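Here is the structure we will look at.
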Amino acid sequence: MSFLQALILAIIEGLTEFLPVSSTGHMIIGSSVMGIATDPFVKLFTICIQLGAILSVVVLYFKRFFKSINFYLKLFVAFIPAAIFGLLLGDKIDAMLESPLTVAISLVVGGVILLFVDKWFAQSTINEEEEINYLTALKIGFFQCIAMIPGVSRSGATIVGGMSQKLSRKVAAEFSFFLAVPTMFAATGKKLLDFYKAGHTITNDQMQILVFGNVIAFIVALLAIKSFIGYLNKNGFKIFGWYRIIVGLIIIALILSGHQLSII
C-alpha cells in the first residue's frame with residue numbers, strides 16, 4: 001500500500017464517515033478499484049482510519065463529552081449490541097468486506113429507504129440529547145448492528161434508528177456521531193488484535209501509513225461534519241438516497257458486465 005493509496009482512502013473516509021452513504025463501503029470500492037482490497041493490512045487500514053475521523057467528533061463536541069455521567073452510560077448502553085454481534089459475527093463481517101457486490105446491493109436498498117425516511121419519521125418529540133432514555137439508546141444500538149453489513153452505513157443506520165424513536169434529525173445525527181466514538185475504538189482494537197493473532201505484524205512503513213491515514217481522515221472529517229449537520233437540518237436525506245442508488249446500480253452494472261473493480 002502506497003502513501004498515495006492511503007491518501008485517497010483517507011480522504012474518502014473523512015468525507016463519508018458522517019454521511020449516510022457508508023464510508024466502509026466506499027473504501028471497499030476504492031481499494032477494489034486500486035486492486036488492494038484483499039490485502040490484510042489494507043483491511044486493517046480501512047478500519048483503523050475510521051478512528052481518526054471519529055476523533056473529530058471529540059474535538060468538535062468537546063464540552064458535550066464532559067457534561068454528565070448519564071451521557072457516557074447512554075453511549076455504553078447503545079454500544080452493547082454492536083459489541084456482542086461484532087464478537088459473534090467477526091469472521092462473517094470480514095468475509096463481506098471483500099465483496100463489492102454486497103456493498104452495491106446495500107447501497108441501493110439503503111438509498112431507497114433514505115428517499116422516504118423524512119416522511120416516515122416527520123414527527124419528532126426529542127429535541128435534546130438529555131431527553132434520550134436508556135431504552136431508546138439501546139434500540140438505536142440495535143440499529144447500529146445493521147451497519148455491520150458493508151454498504152449499509154453506520155451513521156445512516158443509527159440516524160434512521162434515532163428518528164424512528166422520535167429524535168429530531170439533528171439530535172439523531174449528533175447521537176450517531178457520539179456513539180461512533182466507543183464503537184470505533186472497540187472495532188480498531190479488535191481489528192488490531194485479530195491482525196496480530198493471524199500472524200501478521202505492522203512494519204515501520206505500515207505504521208507511518210496508518211498514522212498518515214488517521215491524520216488525513218481526521219482533518220477532512222473536521223471540515224465535513226459541520227457542513228453535513230447544516231445540510232441535513234435544511235434538506236433531509238433524499239439527495240443521499242439518490243446518490244446511493246446511482247452508485248450502487250453503477251457498481252452492479254460493472255460487476256454484471258464482467259468488470260472485477262480492480263483496474264489500477
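Descriptive notes on the structure:
- Among the residues listed as Lys197, Lys226, Lys238, Lys170, the single one being farther than 28 Å from Leu114 by Cβ and basic (Lys, Arg): Lys197
- First in segment 214-242 and closer than 19 Å to Thr24 by Cα, second anywhere and of a type in the set (S, T, N, Q) and assigned to a loop (DSSP other than H, G, I, E, B), Cβ under 7 Å, 6 or more apart: none
- Scanning segment 102-137 for residues that are among the aliphatic types (A, V, I, L, M) and within 30 Å of Leu254 (Cα to Cα) gives Val103, Ala104, Ile105, Leu107, Val108, Val109, Val112, Ile113, Leu114, Leu115, Val117.
- Qualifying residue in segment 87-106 (condition: in contact with a Phe, Trp or Tyr (Cβ under 7 Å, 6 or more places away or on another chain) and touching a residue at least 24 places away in the same chain (Cβ under 8 Å)): no
Readers should treat all values here as calculations from the given coordinates under stated rules, not as data from a laboratory. None of these values were measured; they are calculated from a predicted model. Note that we place each Cβ from the backbone using ideal geometry, even for glycine, and neighbour counts take in every protein chain shown.
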